[in-house]
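What follows is a short report on a single structure.
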Amino acid sequence: MPTAVVIGVGAERGLGAALCRRFAAERHHVLVAGRTQSKVEQVAQTIVSAGGSAEPIETDTTSERDIARLFDCAMVPGPSRAPADLVVYNAGNNRKIDFRETSAQTFEDFWRVGCFGGFLAGREAARRLVPLGRGSVIFTGASASLRGKPGYAHFAAAKAGLRAIAQSMAREYGPHGLHVAHVVIDGGIDGERLRKAVPRIIEARGEDGLLGIEAIAEAYWQLHRQPRSAWTHEIDLRPFKESF
């Protein structure tokens, strides 16, 4: 059984959890990594209850030690499980803040989760997977990866940096067999975070007006399954109603 690592898993109705379920459905043992122990345990338990294989690992994405420990588990998961062949960095957060009111600490916090954590995960993945000559590393980006909008300088700086990391990795390690991809999520995700923040968002956007978490997860799986003669480095995903 191959192993998948999903970094940045929160609530069950969230993209990280949807990715875990999708990979488990394809007979991967999934390492469910996130900063809240109760949440990753719940996601893992749901997968196991459905007949899949999953293991919760509380992980601070900005901790070099935690990321190294996570990959130690991923590369030697057990006698009946193969080392990881799929890694997703999905950690991140977002909120609008007036540029004049953005503290240095807030800016750094967003950068550490959105960019620095991706560097740690990407570097560790390259160290472990490149010698094997195979594997996929997928980074979750946003429209802010491509442009800075008013009130989102802190978020855009982190996401643009993450995109640059993905590009550099792809160019350096693609020829060695490592598929590095970056997914631009353009639009609101129909998950617990947005539903709590904007309770009437579903009614306002209408049917399929938000990105479905299962649909996004399917796109990630298809990226992993691409033949190496036709790899995609970057895709953008948005609801059909989203302007761009």
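S229 - would you say it is on the phi < 0 side of the Ramachandran plot, in a helix (DSSP H, G or I), hydroxyl-bearing (S, T, Y) and open to solvent by 80 Å² or more (accessible area, probe 1.4 Å)? Here the answer is yes, as S229 does meet what is asked.
Against the condition in a helix (DSSP H, G or I), modelled with pLDDT of 95 or more, over 16 Å from H224 (Cα atoms) and in contact with a His (Cβ under 6 Å, 6 or more places away or on another chain), how does R171 come out, does it pass? No, not satisfied. One residue stands out among those in region 26-68 that are small (G, A, S) and within 15 Å of the chain's Cα centre (by Cα): the one that is farthest from D85 (Cα to Cα), which is G34. Looking only at residues in region 43-69 that are touching a helix residue (DSSP H, G or I) at 6+ places or on another chain (Cβ under 6 Å) and assigned to a loop (DSSP other than H, G, I, E, B), the one that is surrounded by the fewest Cβ atoms within 10 Å (Cβ to Cβ) is D60.
Answer yes or no: is there a residue in region 124-146 that is of a type outside the set (S, T, Y), part of a helix (DSSP H, G or I) and in contact with a strand residue (DSSP E or B) (Cβ under 6 Å, 6 or more places away or on another chain).
In the first step, residues of region 124-146 are kept if they are of a type outside the set (S, T, Y); the result is 124-135, 137-139, 141-142, 144, 146.
Add one more test, that the residue is part of a helix (DSSP H, G or I), and what stays is 124-132, 144.
Next, from what is left, pick out any that are in contact with a strand residue (DSSP E or B) (Cβ under 6 Å, 6 or more places away or on another chain): 125.
Yes - at least one qualifying residue is present in region 124-146.
Hey, any hits in region 24-31 for a residue that's in contact with a Cys (Cβ under 7 Å, 6 or more places away or on another chain) and assigned to a strand (DSSP E or B)? The answer is yes; a qualifying residue exists. Among the conditions (1) outside any strand (DSSP E or B); (2) modelled with pLDDT of 95 or more; (3) charged (D, E, K, R); (4) closer than 17 Å to A142 by Cβ, the only one that D236 does not satisfy is (1).
Inside region 70-120, can you point out the residues that are assigned to a helix (DSSP H, G or I) and open to solvent by less than 40 Å² (accessible area, probe 1.4 Å)?
Scanning region 70-120 gives L70, F71, A74, M75, T106, F110, V113, G114, C115, G117, G118, L120.
Residue pairs whose Cβ atoms lie under 9 Å apart, sitting 6 or more positions apart in sequence or on different chains, and linking a residue in region 158-184 that is touching a residue at least 12 places away in the same chain (Cβ under 8 Å) and of a type in the set (S, T, Y) to a partner that is open to solvent by less than 20 Å² (accessible area, probe 1.4 Å) and assigned to a helix (DSSP H, G or I), are Y173/A126; Y173/L129. Within region 206-214, not a single residue is touching a residue at least 24 places away in the same chain (Cβ under 8 Å), among the charged types (D, E, K, R), within 29 Å of R228 (Cβ to Cβ) and open to solvent by less than 40 Å² (accessible area, probe 1.4 Å).
Taking the criterion of being within 23 Å of S63 (Cα to Cα) and either among the β-branched types (V, I, T) or open to solvent by 50 Å² or more (accessible area, probe 1.4 Å) (or both), the residues of region 121-148 that qualify are R123, R127, R128, V130, V137, I138, T140. Listed by first and then second residue, the pairs with beta-carbon distance under 8 Å, at least 6 apart or on different chains, first residue in region 220-244 and more than 17 Å from H182 (Cβ to Cβ), second buried (at least 16 other Cβ atoms within 10 Å of the Cβ) and of a type in the set (A, V, I, L, M, F, W, C), are P239/L210; P239/L211. Taken together, the residues in region 1-42 that are of a type in the set (G, A, S), over 22 Å from G117 (Cα atoms) and either open to solvent by less than 30 Å² (accessible area, probe 1.4 Å) or modelled with pLDDT under 95 (or both) amount to 1. When each of G151, G187 is tested for being on the phi > 0 side of the Ramachandran plot, at pLDDT below 95 and either in a loop (DSSP other than H, G, I, E, B) or surrounded by 15 or more Cβ atoms within 10 Å (Cβ to Cβ) (or both), the lone residue that passes is G187.
Look at region 124-151: where a residue is in contact (Cβ under 8 Å) with a residue 24 or more places away in the chain and a partner is polar (S, T, N, Q), sitting 6+ places away or on another chain with Cβ atoms under 6 Å, you get T140/N90.
The values are calculated or read from the model by the stated rules, or taken from the named source; none is laboratory data. Remember, it's a predicted structure, so these values are computed and weren't measured experimentally. Neighbour counts are summed over all protein chains in view; Cβ atoms, including those assigned to glycine, are modelled from backbone coordinates with ideal geometry. Ligands, DNA and RNA are excluded from the accessible area calculation, which covers all protein heavy atoms including side chains. Shrake-Rupley method; radii C 1.70, N 1.55, O 1.52, S 1.80 Å.
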